[in-house]
1. Among all residue pairs at least 6 apart or on different chains, which show Cβ distances below 6 Å where the first residue, located in the range 230-257, is acidic (Asp, Glu) and the second is open to solvent by 10 Å² or more (accessible area, probe 1.4 Å)?
2. Which condition breaks for Asp248 when tested against (1) open to solvent by less than 50 Å² (accessible area, probe 1.4 Å); (2) not in a helix (DSSP H, G or I); (3) not hydroxyl-bearing (Ser, Thr, Tyr)?
3. Please go through the range 115-145 and give me each residue that is within 23 Å of the chain's Cα centre (by Cα) and at pLDDT 95 or above, ordered by number.
4. Which ones in the range 194-237 are in a helix (DSSP H, G or I) and either within 21 Å of Leu370 (Cα to Cα) or of a type in the set (Phe, Trp, Tyr) (or both)?
5. Which one of the conditions (1) open to solvent by less than 10 Å² (accessible area, probe 1.4 Å); (2) farther than 15 Å from Ser230 by Cβ does Leu91 fail to meet, given that it meets all the rest?
6. Restricting attention to the range 296-307, does a residue exist that is of a type in the set (Asp, Glu), out of contact with any helix residue (DSSP H, G or I) (no Cβ under 6 Å at 6 or more places or on another chain) and either within 20 Å of His132 (Cα to Cα) or without any contact (Cβ under 8 Å) to a residue 24 or more places away in the chain (or both)?
7. Condition check: modelled with pLDDT of 95 or more, within 18 Å of the chain's Cα centre (by Cα) and crowded, with 16+ Cβ neighbours inside 10 Å. Does Phe111 satisfy that?
8. Scan the range 403-412 residue by residue and report those that are crowded, with 24+ Cβ neighbours inside 10 Å and not polar (S, T, N, Q).
Amino acid sequence: MSKARTFVVGVGMTRFQKPKSKQWDYPDMAREAGQAALSDAGLSYKDIKAVAASYCYGEPTSGQRAVYELGLSGVPVFNVNNNCSSGSTALMLARRLVLSEMEDCVMALGFEKMEGGLSEKYTDRISPVGRHMNHMVDLGAEPGLISPNMNNMTSDVIKLFAYAAREYIEKYPDGAKEAMVKIAYKNRKQGVNNPRASFQKIFDMDSIAKKAMLIDPITFGMTAATADGSAAAIVCSEDFVKEHNLQDKAVEILAQNMVTDLPSSFGKSYMDLSGFSMAKKAAKKCLAETGLTTKDIDVFEVHDCFSCNELFMYEALGLCPEGKGVDMVANSEWRKNKDGGELLYLNKKWVVNPSGGLESKGHPIGATGLGQCAELVWQLRGAAGKRQVEGAKVAMQHNFGIGGAAVVTMYGKGWNSLTNARL
């Protein structure tokens, strides 16, 4: 593990909006999030030495056009596309640039202007996710669209996680479906307190379980809808933080690992095809680097593209043994914080997705991972209001993109973050 340290000193985020519901374009989104991050850090754009820009639905060099809203300083701009993990990939690139000592202050800026659902533009060549979707059918998934109103990409992604959910239910039938409903309800209820979320409405559990079935067992209420929006984070070196007196703003990135597809991804499991083993390996590497355990972690932001995936991640990230995620949900309790917000403590210990997760916030593909980062920075600063996990010192983030990449990041509170974590 590198002895160098990196810190997030500023974050910004637009409200995530339903696609086509607001008259704005990706430079508008990026300007709002980027300026918010700079303001949060008390920095100006001239302090930024490089930018990692993440997006999926846009032309080449959209990162340059977006960041030019903040200034024309000639800095390197790296355009990043890693499907739904693009935002975390940009954060990882920003951190690696700082760790390499090539730069001391780098912005990760994610944005997305969606058309609605997921789609592929270049159909005259091999699809980067075609191998995954073909393997899904080889495992026994029924070919074809789940709805005539959907395109192939949207349909296949929903289908993949539905078959993974069925696999889990078959292995652990006692209460699994109910746990998926409860997780979706939790995320909707916690999202009510997030002013940047697309959805700020509680869905009752009966509606989540039965209304608008997409493909058994996934309903609309268990699904993260796509969105438009942007989020940004500024990553700095230890020396930069000291020179600019940013210690009070700084949240340390304790560890960060990306795992791409493994042989198990194309084995006999829908869950592994949808990222289970990748997340498990990335989380283990982060915990080994920090010397911490999941017992030391207080709050998580997890990639709940579907509530079933959040359930899988309880086990992949090491919160409980495999097959015990349902027990965690059953052994949970709602608690109010000092601001009056209610949060569900899983196993009466951990809060997952206090932001409301992707299911409440929406899922602007290129910005999602940085939106997760922003939430955890606010949590560790104690600035999340009704969403605040009181006493939070250590956080973990999981972000996943099919094709594939799982990125797990750990954060620590304050200048003495590892010491704080062990107190």
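The values are calculated or read from the model by the stated rules, or taken from the named source; none is laboratory data. As the structure is a prediction and not an experimental result, all values here were calculated from the model. Every residue, glycine among them, receives a Cβ derived from its backbone with ideal geometry; neighbour counts consider all protein chains shown. The protein model used for the area step is the full one, side chains on, heavy atoms only, and it has no ligands, DNA or RNA in it. Shrake-Rupley method; radii C 1.70, N 1.55, O 1.52, S 1.80 Å.
1. Glu238/Arg5
2. Against the list (1) open to solvent by less than 50 Å² (accessible area, probe 1.4 Å); (2) not in a helix (DSSP H, G or I); (3) not hydroxyl-bearing (Ser, Thr, Tyr), Asp248 comes up short only on (1).
3. Filtering the range 115-145 down to residues within 23 Å of the chain's Cα centre (by Cα) leaves 115-120, 128-129, 132-133.
If the condition is that a residue be within 23 Å of the chain's Cα centre (by Cα) and at pLDDT 95 or above, then Pro128, Val129, His132, Met133 are the ones that fit.
4. In the first step, residues of the range 194-237 are kept if they are in a helix (DSSP H, G or I); the result is 205-210, 220-222.
Once the filter is applied, which keeps residues that are in a helix (DSSP H, G or I) and either within 21 Å of Leu370 (Cα to Cα) or of a type in the set (Phe, Trp, Tyr) (or both), the range 194-237 yields only Phe220.
5. Here Leu91 meets the rest and fails (2).
6. Step one: list which residues in the range 296-307 are of a type in the set (Asp, Glu), which gives 296, 298, 301, 304.
Now narrow it down to the ones that are out of contact with any helix residue (DSSP H, G or I) (no Cβ under 6 Å at 6 or more places or on another chain): 298.
Keeping just the survivors that are either within 20 Å of His132 (Cα to Cα) or without any contact (Cβ under 8 Å) to a residue 24 or more places away in the chain (or both) gives none.
Among the residues of the range 296-307, not one is of a type in the set (Asp, Glu), out of contact with any helix residue (DSSP H, G or I) (no Cβ under 6 Å at 6 or more places or on another chain) and either within 20 Å of His132 (Cα to Cα) or without any contact (Cβ under 8 Å) to a residue 24 or more places away in the chain (or both), which makes the answer no.
7. Working: modelled with pLDDT of 95 or more: yes; within 18 Å of the chain's Cα centre (by Cα): yes; crowded, with 16+ Cβ neighbours inside 10 Å: yes.
It is true that Phe111 is modelled with pLDDT of 95 or more, within 18 Å of the chain's Cα centre (by Cα) and crowded, with 16+ Cβ neighbours inside 10 Å.
8. Residues of the range 403-412 that are crowded, with 24+ Cβ neighbours inside 10 Å, as a first pass: 406-412.
Selection gives Ala406, Val407, Val408, Met410, Tyr411, Gly412.
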